[in-house]
Amino acid sequence: MALQTHFDYRSPTRIVHGTGSRTQLADFLSEEKPLVVTDKGLVSAGVVDSVLDVLTRAGIDFVLYDGALPNPPARCVHAGERLYKKAQCTAIVAVGGGSPMDVAKMIGVVARHGGRIERYLGANKVPGVIPPLYCLATTYGTGSEVTPFAVLTNPKTQNKDPVISWHIAPLVGILDPELCAALPLSVGGPTGMDALTHAIESYTNLLANPITEGLALQAIGLIGANLRLACANDHEIRATENMLIASMLAGMAFSQTRLGNVHAMSHPAGAQYGIHHGLANAILLPYVMEFNLPARLEKFAQIAEALGADTSGMDLREAAQAAVDAVWELNGDLRIPTKLSAYGVKRAGIKRMSAAAMTSGNVTVNPRKTEQADIEALFSEAI
Ligand SMILES: [Fe+2]
């Protein structure tokens, strides 16, 4: 099934999962003074307090940095670095979705290795380990609690560029469903679709290997069975728990394989129009799946089944198409619009976004060979 005959699988992050598992933070940090990195929304929602209480009760001295922004620019990172150094912190705790976790990783890089964060953009530019990093996921989308990636938004180029290094993979990822129990549909839907996009892009791309295929397909099944329910009602803690696991599994998969055209396109759309990462992915996913379908008929048929479609009696092409239809249906149930224009993305930006997308390493691993004209056509359909 996999194309890769040679691969080098790594997954260095310890995973702690379960309701109330945030309390284990006290054991990990008994000898540390952590900088707690988060955003103001999570502070005002009271989510951060439920983590800080654990530290306070254990008598652990900490410093709070709530300046992580969505699509984080470098100034977020360096403001956190200054606080880390001033307070002489020794560890970092991230409480959040992707942005606080990515900011925490990048604070770790500059706090330990110095200079501007831009110096470390690209693959394997981080020269050594960062301070011990503990990530508590408050959404079930990014999987950043297990990945070696952090994404920085550059206001000058209006693009998003990654720091890629196993040195920035968190030491421990904590999955406590109580931290994301109250995600409303408007947040849970798009973030869950980000996780689905990770899983589908990883499962079908050129670098998939037997380990990542297992992780990704398991994630797809869990998302198909749980995302609607997790968003439907705050009390569906088991569905939320399963979504957290799915997001983490997808993160483990794409840590090895990278992604595909959806992420290549959603990054410039996010950088240039500010559209939420998960929303951009959710909207782009079925268009890119249509494009990739001829290159991965069997895998698309497997995705359809994992998402709960009944493909019995269908030929292979119809079964593959059922995967695309299942994603349209899921987007509809989650009230996600069908076009990027609903969030201000303009046709006038197609050339510029497409040129930026073509610089992404995700295009080169996309299962169907892709030229800039293909990306422009996909944007044209999806706007
Ligand atoms: Fe993503």
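Read-outs throughout are calculated quantities, based only on the coordinates presented, and are distinct from any laboratory measurement. As the structure is a computational prediction, the values presented were derived from the model and not from experiment. Ideal geometry is used to build each Cβ from the backbone, glycine not excepted, and the neighbour counts take in all protein chains shown.
Our summary gives the stretch 14-180 a relative contact order of 27 percent, counting only alpha carbon pairs under 8 angstrom and 6 or more residues apart.
The trypsin sites (Lys or Arg not before Pro) of the stretch 298-383 that DSSP puts in a loop, and whose beta carbon has at most 14 other beta carbons within 10 Å, are ARG335, LYS339, LYS346, LYS369. Overall, the anisotropy analysis places the stretch 199-306 in the oblate class: the square-rooted eigenvalues a ≥ b ≥ c of its C-alpha gyration tensor yield a/c not less than 1.5, with a/b not exceeding b/c. Packing order of peptides 100-113, 56-69, highest average first: 100-113, 56-69 (average count of other Cβ atoms within 10 Å over each peptide's residues).
Within the chain, helices built from complete DSSP H runs that reach 24 Å or longer along their own axis (Cα positions) and carry a mean Kyte-Doolittle hydropathy of 1.0 or higher are 210-232.
In a shell of Cβ-Cβ distance under 14 Å around ASN331, excluding ASN331 itself, what net charge do Lys and Arg (+1) and Asp and Glu (-1) give? Spell out each step's value before the answer.
Working: positive: ARG228, ARG335, LYS339; negative: ASP194, GLU290, ASP325, GLU329, ASP333.
That sum, taken over residues with Cβ under 14 Å, equals -2.
Here LYS346 is the anchor, and the aspartates and glutamates within straight C-alpha reach of less than 19 Å, apart from those fewer than 8 places off in the same chain, are ASP374, GLU376, GLU381.
Output the antiparallel fraction of DSSP beta bridges having both residues in the chain, as a percent to the nearest 5.
Numbers: 7 of 28 bridges.
Antiparallel: roughly 25 percent of the beta bridges in the chain.
Taking each DSSP H run with n ≥ 4 as -39500 (n - 2.57) and averaging over every residue of the chain yields -16000 deg cm²/dmol at 222 nm.
Over all directions, the average projected area of the alpha-carbon convex hull for the chain comes to how many nm²?
Numbers: hull surface 68.8 nm².
With every direction weighted equally, the projected area is 17.2 nm².
For the stretch 185-382, the orientation-averaged shadow of the C-alpha convex hull comes to 10.0 nm² (one quarter of the hull surface).
What does the net charge come to around ALA68 if you take all other residues with beta carbon closer than 10 Å to its beta carbon, with K and R at +1 and D and E at -1? If you can, show how the numbers build up before the last one.
On the way: positive: LYS40; negative: ASP39, ASP66, ASP102.
Net charge around ALA68: -2.
Among the listed pairs LYS40/LYS85; LYS160/LYS339; LYS85/LYS105; LYS33/LYS160; LYS299/LYS351, a Cα-Cα separation exceeding 26 Å is found for LYS33/LYS160; LYS299/LYS351.
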